[in-house]
Amino acid sequence: MQPTHPQAQQQRNNTALIVTLVAGIVVLLLGAGGIGAYVYLSQPGPAPTLALQSTVPTEPPSAFPSNPPSTPPSDPATTAPPSYEPSPTPTSPRPSTSSRVEAGSPLTHTEFKDWNFSLGGVKLSADKVAGWTYNSCDPVDAEGLLADNNCERAVQIAYSAKSGHVKALQIMAAFPSEQDAKNTAARLLKLRSDRAVTWKRDYAHRGYAYGKILSSYMKKYVVITIVTTDKKGEADAKKFHAYLQSDHAAYFIWRDLTVTS
């Protein structure tokens, strides 16, 4: 039997590690344990049912409303679920839906293309319909929370899946350090403000059967994912949401690593 080349073995080990990481994050997201919780977006119309609760011990159960407001705001609003501690940083292969960029380069929306995800028997996809790159965080920072934690720049991306029955928006914000990103995630968790960040509401459903938000940090980046669906897209929305959030959070594990030959 031919000996395994060390570089090839390392690549396989790294690939297995990133797959395990993504899968593990998704399991926790789907179970709402340890990482955070799905929080409903407010919308006109019938009140949604109870949002899943977090098991993060620092967040008291009372922070999650047992009954949504009877007269919610006219526009979908944001609330920030708990952050999670990132796993140790591995070297990982480039995700197929993102473009390899120079380590440490400014974050841009062009790094992210159409989303085509495959892991085990799970296959999910979404078309990128729009993207915005901001030289500061002001356009998505509604109340100065990001600025208070030294946010440097941000991007916003709009996706459409299942012939428009599922829509997603992602905000990804870059910070000078992992501590800044962690502080931001913790602050979002503490405030649970429905106006902490803003997004392109025109790219979400006006009324929806499923409308929730997830957020987390990875290294020096914060990732926030908003997903809305109509009735036809509701069935797989939770799984779609968990994988999109975890896959793009995992992207930042390797983004700023220097690749050596």
Original post:
Seen from all sides and averaged, what is the projected area of the convex hull of the Cα atoms in segment 110-203, in nm²?
Top reply: 7.3 nm²
**OP:** Using only the Cα atoms of segment 127-261, each taken as one equal point scatterer with no solvent, compute I(q) by the Debye sum, divide by I(0), and report log10 of the ratio at q = 0.18 Å⁻¹.
**Re:** -1.00
Original post:
What order do you get for 101-113, 241-253 when each peptide is scored by the mean count of other beta carbon atoms within 10 Å, highest first?
Top reply: 241-253, 101-113
Original post:
So how much slack lies between residue 258 and residue 129, counting 0.36 nm per residue of separation and subtracting their Cα-Cα distance, in nm?
Top reply: 43.4 nm
Original post:
Structure shown: which of 219/239; 167/190; 123/162; 128/190; 128/239 lie over 22 Å apart, alpha-carbon to alpha-carbon?
Top reply: 219/239; 167/190; 128/190
**OP:** Order the peptides 145-151, 170-176, 128-134, 220-226 from the highest to the lowest mean number of other Cβ atoms within 10 Å of their residues.
**Re:** 220-226, 170-176, 145-151, 128-134
**OP:** Along Cα→Cβ, 7 Å out, is where each label goes; now give me the distance between the ones at residue 138 and residue 103 in nm to one decimal.
**Re:** 3.3 nm
Subject >> Amide H contacts under 5 Å for residue 212, placed H, 5+ residues apart >> reply: 41, 227
**OP:** With label points built 7 Å along Cα→Cβ from the Cα atoms of residue 235 and residue 147, find their separation and express it in nm.
**Re:** 4.7 nm
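The numbers here are math on the coordinates, done by the rules we state, and not lab data. This is a predicted model, so every value here is computed, not measured. Every residue, glycine as well, gets a Cβ built from its backbone with ideal geometry; the counts of neighbours run over all protein chains shown.
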